[in-house]
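One structure is given here, and the rest of the page talks about it.
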Amino acid sequence: MGTAGKRGAHARQASAVRLRIERLTREIAKFGAVGGAGLLVNLIVFNLVRHTTDLQVVRASVIATVVAIVSNYIGFRYFTYRERDKSGRTKELTLFVLFSVVGLVIENGFLFAATYGLGFDSPLASNVFKFVGIGIATLFRFWSYRTWVFRVAPAHDPVTDAESILENPTPYLEEDRPPHPFRQVQRVR
């Protein structure tokens, strides 16, 4: 086989790495698009609730976060992760809600600490700390959603399987052999 075989294997590995990076880049872009829309929903609802009701700032933020979580689930399921496994919707939704609640606590924990711990209660300060909380919670959500919620469906790649058979056909040939030889008998009429 020589060096040509090694170069071919290296090229396949490099293209596989490049393909994974391209997929991850597309996933991050789609996640960012849905997340950006969710950010807008979150901040608009937060400011509307805060300025039109007498709710405390963190309660208004929790309401806004819940509305954004619902809109994000729709965007993630039907846009970002539409090709992912759809077989366990109940489990998927349960995990999504669980990790979203953790993100809600992270996001609103920053706002709570700034408002009640540091005394920053102006509308500008509330929006800044809410934005920072959303940013940190987004990192957690990206990791948890792609790792646990929207799992990759087990793929069966016929091209890879065919290539592995061509590289080492012996196990497949032995697997197809009957356990002991037999004779084929023809009927004569």
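Residues S100, S71: which one is open to solvent by less than 30 Å² (accessible area, probe 1.4 Å), over 22 Å from R23 (Cβ atoms) and of a type in the set (S, T, N, Q)? Testing whether each residue is open to solvent by less than 30 Å² (accessible area, probe 1.4 Å), over 22 Å from R23 (Cβ atoms) and of a type in the set (S, T, N, Q) leaves just S100.
Of a type in the set (G, A, S), open to solvent by less than 40 Å² (accessible area, probe 1.4 Å) and in contact (Cβ under 8 Å) with a residue 60 or more places away in the chain: is that true of S61 in this structure? So S61 passes the test. Within segment 17-58, the set of residues being hydrophobic (A, V, I, L, M, F, W, C) and open to solvent by less than 50 Å² (accessible area, probe 1.4 Å) comprises F31, V34, L39, V41, L43, V45, F46, V49, V57, V58. Looking only at residues in segment 109-123 that are of a type in the set (A, V, I, L, M, F, W, C) and under 14 Å from S61 (Cα atoms), the one that is surrounded by the most Cβ atoms within 10 Å (Cβ to Cβ) is L111.
The values are calculated or read from the model by the stated rules, or taken from the named source; none is laboratory data. These numbers come from a predicted model, not from an experiment. Every residue, glycine as well, gets a Cβ built from its backbone with ideal geometry; the counts of neighbours run over all protein chains shown. Only protein heavy atoms, including side chains, enter the accessible area calculation; ligands, DNA and RNA are left aside. Shrake-Rupley method; radii C 1.70, N 1.55, O 1.52, S 1.80 Å.
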